[in-house]
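The numbers here are math on the coordinates, done by the rules we state, and not lab data. As the structure is a prediction and not an experimental result, all values here were calculated from the model. Cβ placement follows ideal geometry from the backbone for every residue including glycine, while neighbour counts extend to all protein chains displayed.
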Amino acid sequence: MAVTLERPAPPKAPPPPAGGDRGGEGRPEVRPPLRLFVWLVVAAVAMFFLGLSSALLARAGSAGWIPAPRPGVLWPGTLALLVSSALLESGRRALARGERETGANRLRWGALLGAGFLAGQLSAWRWLASSGVGLASGPGAAYFYVLSGAHLLHVAGGLTWWLALLVRLRRPFGEVGVQLSGLAVYWHFLAALWVWLFVLLFTR
Amino acid sequence: MAAAEAHLEVHAPTHRESFWTRYVFSQDHKVIGLQYLLTSLFMALVGGALAMVFRTQLAWPQAGILKADQYLAAVSMHGTIMVFFVLTPALLGGFANFLVPLKIGARDMAFPFVNMLSYWVFALSIVPLVASFFVPGGPLNAGWTAYPPLSALPQAAPGSGLGQDLWLVSIALFCVSSLLGSLNYITTILVMRTRGMSLMRMPLTVWGIFVAAVLALLSFPVLMAAGILLLFDRLAGTSFFVPAGLVVGGQVIQHTGGNPLLWQHLFWFLGHPEVYIVILPPMGIVSDVIANFARKPVFGYPAMVASMLAIGILSFLVWGHHMFVSGMHPLLGTGFALTTLLIGVPSAVKTFNWLATLWRGKLYYSTAMLFAVGFVSLFVAGGLTGIHLGNAPVDIPLHDTYYVVAHFHLVMGTAAVFGIFAGIYFWFPKMFGRLLDERLGRIHFWLSLLGVYGAFFPMYYLGLAGMHRRIYDYRAFPYLAHLQPLQVFITLSAFLIFLGGLVLAYNMLRSLAAGRPAGPNPWRGTTLEWSTESPPPHHNWRGDVPEVYRGPYEYSVPGAPQDYLPQWEPEPAGVRAGH
């Protein structure tokens, strides 16, 4: 796929403060707030998983905790997610440097690995279900299904955004670059979150 | 950015929209704000009507107008509707949407589409809630806090069936809507302020909305997590909250090893910040209104901001005081008691500053001012007993009695409603271009004030006398039966509140059609919303967005040509404003 990207425009000098020495912060009227928006989404999602994690910690600390069997596919899946996160970051930076082909290729491979993680999680569920472990089989299994399922929905949302950006790579970098930086914040968070959940679910 | 601004300048005056994009699926923050506000007021009529029905049951239990499960459904839905579908959306949907861009000098919210989505998800969340009235078993019976196992086992009570499922779906949708709104308010306030509008020049209404939005952003996801776990317990046979060995209807249930206390922790981790989500914006509204009608700067503006931030932080550290009787390590209980008492300090700072703002002011008791002063009165009358209830040893005998019902209805429920009323009378002219009728407004105020004190203050006594909050027919208990005359008095007072609400509805309809035209600045206000016409045009200002030159409360400025200096006017020669 031919990729036509432009380097981001240099930032404009901020306008002079209004109102003389009492003019406050002299900010321009509008800034691209997407990155801030994504950080706030991350804060909300983090609180959601904090709620679920604290429920697990409380339950796992009491009597009668039955851990879920660990599907082997989770290891390569986790690795795929971490590598996809690294590829997203390095691809994004390559694009910002003007290395169009390198950046686009890394983003494509990263998205593929993200999809691989998704497929891995689904196959982990199938493996558990075929082993006779369902939602009501015990607290460990219940928490695994709910936590990994909730995480997977967030990953699916992020991957949809990623794929939409891959299609739009032909557009000027300034617009896609802002979105890529927002996506990177979200995706790195999901990768770190999965590591936390993995440890939480299988070290009890 | 400059190009975008120029684009707006060119297109704003000739902006044309269809009926659907202008009034229904509008992305204009003002329309969305009014959609939120009017929907909340409609839901207030529903929640209020429920209260009238169960208060009638309590006053005259011998008439038996409700069955026991219908009574529980009525109180549960009243609480749910008032907290989640009236107070929260009116303040953190209605006023937040309408006022934030106008007060900070922005053309609209940062993400108008997300804003529209927020309202329509909210509207959608009402559908399952209302539908639950019409399903077999009726709405939930488990109280607005939906404690398991009553809420977790479909066979536990009539309303524990489909009605409870619908409640959970409704609350989950409401959480999503609230998150979308909060994301927008925080981003807009941080990024979209006009030139000169530093954080410490923001009106306190904006500060209140900002802190409340942060609380909503961080607490609603936890309720959503709890709700999802409860849904799994109900529909998929998991045991997150249901303990083993329960016997319901003579049968041992299949669940094993869950913990109902876990729900209480998760619920109140949201539930207590939620109290401040609905009281911080009114605190800001009341500050704006009192400063305007006392023609004085708000006393101690930095302390008002700092106390809002302190309340916001502390609100995450007090949830355990709802659970002193649920089983808690005494040391933990002491910790929660300490943080609860600590939150009284910034609350007292605010009360002191409102009184100091009123002190020797040129007071004009418009209806908005009456409701604002009424707010302060209710906040004190309800807040002081929070000190009693925050102490675990005092709380334990009073827990779940009418003492608690009186406390939270005064400090959080009716105080927030008075803040909303103050805001409606103050900004109605900006919203619709016409003033509300002041005579009807005063009738509304006095009905509300007398009704609220008559209904809720005696409940302190009921609570001390041992009246539990969810008793359907107290005549079964000899020590409560003789309290029936007081119950009748409370119910008659509650009717006054509802009557007051109807007067407001009539006033709004009448004034919309025939109210006195307001002009851009009927209250001689200083903040940016008064710099544009009433109602404001699409994108808020026809010309440039105004710049800001000073703080929000420059009233009675010595040497000024009039008794106030608006934020948007450059400094006149020879005048020295506060900051």
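Can you list the lysines whose alpha carbon sits under 17 Å from that of B:LYS103, skipping same-chain ones fewer than 8 residues off?
The qualifying lysines are B:LYS30, B:LYS430.
Could you compute how fast the stretch B:287-515 diffuses translationally, taking Rh as the Kirkwood radius over C-alpha pairs and applying Stokes-Einstein at 4 °C with viscosity 1.567 mPa s? Give it in µm² per second. Could you put the intermediate results ahead of the total?
Working: Rh = 19.3 Å.
Translational diffusion coefficient: 67 µm²/s.
Please give the helix B:29-59 orientation as an angle from the longest Cα principal axis of chain B, in degrees from 0 to 90, rounded to the nearest 10.
40
What lysines does B:LYS362 reach when the alpha-carbon gap must be under 23 Å and sequence neighbours fewer than 8 apart in one chain are set aside?
Within the straight-line limit of under 23 Å, B:LYS362 reaches these lysines: B:LYS296, B:LYS350.
For the stretch B:350-434, which trypsin sites (Lys or Arg not before Pro) are in a loop by DSSP, counting at most 11 other Cβ atoms within 10 Å?
Details: sites: B:LYS350, B:ARG360, B:LYS362, B:LYS430, B:ARG434; in loops: B:ARG360, B:LYS362.
Filter output for the stretch B:350-434: B:ARG360, B:LYS362.
How many percent of the alpha carbon pairs in the stretch A:70-204 exceed a separation of 24 Å?
Values: 3013 of 9045 pairs.
That tail contains 33 percent of the Cα-Cα pairs.
Assuming a viscosity of 1.306 mPa s and a temperature of 10 °C, what translational diffusion coefficient in µm² per second does Stokes-Einstein assign to the protein assembly as shown, Rh being the Kirkwood radius over Cα pairs? Working shown, then result.
On the way: Rh = 28.1 Å.
This corresponds to a translational diffusion coefficient of 56 µm²/s.
Taking only the C-alpha atoms, wrap a convex hull around the stretch B:518-579 and report its volume per residue in Å³ as a whole number.
Values: hull volume 5.2 nm³, N = 62.
Value for the stretch B:518-579: 83 Å³ per residue.
Is there a simple number for the mean count of other chain Cβ atoms within 10 Å of the Cβ of residues in B:227-238, and what is it? All intermediate terms of the calculation are to be shown ahead of the outcome.
On the way: counts 1, 6, 6, 0, 0, 6, 2, 0, 1, 6, 5, 11.
Going residue by residue through B:227-238 and averaging, the value is 4.
Order the peptides B:263-271, A:107-115 from the highest to the lowest mean number of other Cβ atoms within 10 Å of their residues.
Details: B:263-271: 23.1, A:107-115: 19.9.
Packing proxy ranking, top to bottom: B:263-271, A:107-115.
In nm, give the distance between the simple-model label positions of B:VAL248 and A:ALA86, each being 7 Å from the Cα along the Cα-to-Cβ direction.
The modelled label-to-label distance comes out at 5.0 nm.
Return one number: the angle in degrees, 0 to 90 and rounded to the nearest 10, between the long axis of the Cα atoms of helix B:415-432 and the longest principal axis of the Cα atoms of chain B.
40
Would you mind listing how long chain B runs along its three principal axes, going by Cα atoms, in whole Å with the largest first?
82, 50, 48
So, R0 is 60 Å and r is the distance between the beta-carbons of B:PHE352 and A:GLU101; what FRET efficiency does that work out to, to 0.05?
Working: r = 66 Å, r/R0 = 1.10.
Efficiency, from the Cβ-Cβ distance: 0.35.
Which value in deg cm²/dmol, rounded to the nearest 500, describes the helix-derived mean residue ellipticity at 222 nm for the protein assembly as shown, given -39,500 (n - 2.57) per DSSP H run of n ≥ 4 and division by the residue count? Mind showing how you got there, number by number?
Numbers: 24 runs with 478 residues, N = 783.
The helix-only estimate for the protein assembly as shown comes to -21000 deg cm²/dmol at 222 nm.
Compute the helix-to-body angle for B:2-11: its Cα long axis versus the longest principal axis of chain B, expressed 0 to 90° and rounded to tens.
The angle comes out at about 90 degrees.
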